[in-house]
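Notes to accompany the following structure.
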Amino acid sequence: GAKTLNKAGLWANYAMDRRENTLLEDWYRFPSGADRRYGKRMGVNLDGYLQARPEFVVDGEHMGFRFDGKTQYGELCPRAADLGAITVDLAVKPEGSGAQTIFDFGSDSDNCFVLKTTQNGTPELLAKAGGKTVVSLTGSKPLTKDKWATLRIEIDGANTALWRDGNKVAEKASTFRPRDAFGDGGDNRNFVATSRDASGRFKGVIDRVVIYHTVHEDFSKLPAPTRD
């Protein structure tokens with residue numbers, strides 16, 4: 001059904017633009033259901049949920065959820081990142097310090113890819129497959145507390161890249177694909193603002209988590225994500 005999907009490769013748009021703080025709503029709906037009949041008017045989507053009701057905030061041009069770094073986090077649909085290639089675009093405003101997890105996608109601690117900050121607040125992407133670290137990328141400088149930053153990761157089985165505010169800050173040739181983090185029969189879970197073992201929870205505001213099932217040569221030329 002790929003021909004009926006979004007032309008820009010959009011897979012899920014967790015826009016975080018509604019005050020609903022239990023449902024983590026995917027604002028992009030596929031054109032039809034898997035059987036070509038069910039849900040044809042609205043289409044299926046990849047909704048997730050929010051734990052412990054994080055606060056919805058409006059901060060200038062940004063709308064999102066404030067996570068307390070203690071009990072609050074989000075969880076995307078289990079299918080959200082089980083892909084052959086992926087681009088994940090998000091905006092964050094850290095309000096805490098130290099090592100914090102922004103997202104943790106995969107099936108367990110040995111098979112996952114994780115975007116976090118180091119102890120001094122620098123963005124870092126780690127990917128593990130079969131218990132082995134296959135990708136480790138670290139940005140050039142820490143995120144600024146109480147300031148917005150856009151982050152993007154790109155993985156396509158040939159290269160893995162980490163972007164910040166539209167600039168590529170780290171890249172590595174790698175055969176790792178997102179699919180490698182989702183073992184058959186595993187407990188596939190995609191966490192936001194927490195790691196799967198509940199350590200290093202993120203304290204701050206996250207504006208969006210937008211996922212594409214491809215990597216683009218020039219991301220800046222993409223249209224705004226569809227909002228159904």
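When percent of Cα pairs over 32 Å apart is computed from the coordinates, the matching label among (1) 12; (2) 23; (3) 33 is (1). Between the listed residues Gly64, Leu24, Thr226, the Cα displaced farthest toward the positive end of the dipole of the chain, a dipole computed from Cβ unit charges relative to the Cα centre, is found at Thr226.
Heavy atoms of the protein chains alone define the surface here; on that basis the range 176-227 has 49 Å² accessible area per residue at 1.4 Å probe size.
Per-residue Karplus couplings for the range 211-217, computed as 6.51 cos²θ - 1.76 cosθ + 1.60 with θ equal to phi - 60°, are listed in order as 10, 10, 8, 7, 10, 9, 5 Hz, Gly and Pro entered as x. Here the 3J(HN,Hα) profile of the range 49-64, calculated from phi with Karplus coefficients 6.51, -1.76 and 1.60 at θ = phi - 60°, is 8, 10, 9, 6, 6, x, 6, 7, 10, 10, 10, x, 7, 9, 10, x Hz, Gly and Pro shown as x. Taking all protein chains together, Arg227, Arg177, Arg164, Arg208 sort by accessible area into Arg227, Arg177, Arg208, Arg164, largest first [probe 1.4 Å].
Rounded to the nearest percent, how much of the accessible area of the chain (1.4 Å probe, protein heavy atoms only) is carbon and sulfur? With neighbouring chains kept in place, the figure for the chain is 47 percent.
Measuring with a 1.4 angstrom probe and ignoring ligands and nucleic acids, Arg189 comes out at about 80 Å² accessible.
Using the Karplus relation 6.51 cos²θ - 1.76 cosθ + 1.60 with θ = phi - 60°, the per-residue 3J(HN,Hα) values for the range 11-22 come to 10, 7, 10, 7, 6, 6, 10, 10, 6, 4, 10, 10 Hz, with x marking Gly and Pro. Pairs with C-alpha atoms separated by more than 32 Å, drawn from the list Lys7/Lys132; Lys7/Lys203; Lys147/Lys221; Lys145/Lys172; Lys168/Lys203; Lys7/Lys141, are Lys7/Lys132; Lys7/Lys203; Lys7/Lys141.
Using C-alpha pairs under 8 Å with a sequence gap of at least 6, the mean separation divided by the residue count of the range 48-192 gives a relative contact order of 26 percent.
Accessible surface calculations at 1.4 Å, restricted to protein heavy atoms, place the range 3-157 at 45 Å² per residue.
Look at the dipole of the chain built from charges on Cβ: of Val209, Gln51, Ser140, the Cα furthest out on the positive end belongs to Val209.
Rounded to the nearest 20 debye, the dipole size of the range 84-228 about its Cα centre is 400 debye, using +1 on the Cβ of Lys and Arg and -1 on the Cβ of Asp and Glu.
Taken about its Cα centre, the range 6-158 carries a charge dipole of about 280 debye when Lys and Arg each add +1 at the Cβ and Asp and Glu each add -1 at the Cβ.
In the complete set of protein chains, residue-level accessible area for Trp11 is approximately 40 Å², probe 1.4 angstrom. Remark: the range 182-228 carries a charge dipole of roughly 280 debye about the Cα centre, counting +1 on each Lys and Arg Cβ and -1 on each Asp and Glu Cβ.
Amide hydrogen proximity for Val44: with H placed 1.01 Å from N in the peptide plane, the residues at 5 or more positions away or on another chain lying under 5 Å are Phe30, Ser32, Gly33.
The values are calculated or read from the model by the stated rules, or taken from the named source; none is laboratory data. Keep in mind that this is a model prediction, so the values were computed, not measured. All Cβ positions, glycine included, derive from the backbone under ideal geometry; neighbour counts span all protein chains shown. Accessible surface areas use protein heavy atoms only, side chains included; no ligands, DNA or RNA. Shrake-Rupley method; radii C 1.70, N 1.55, O 1.52, S 1.80 Å.
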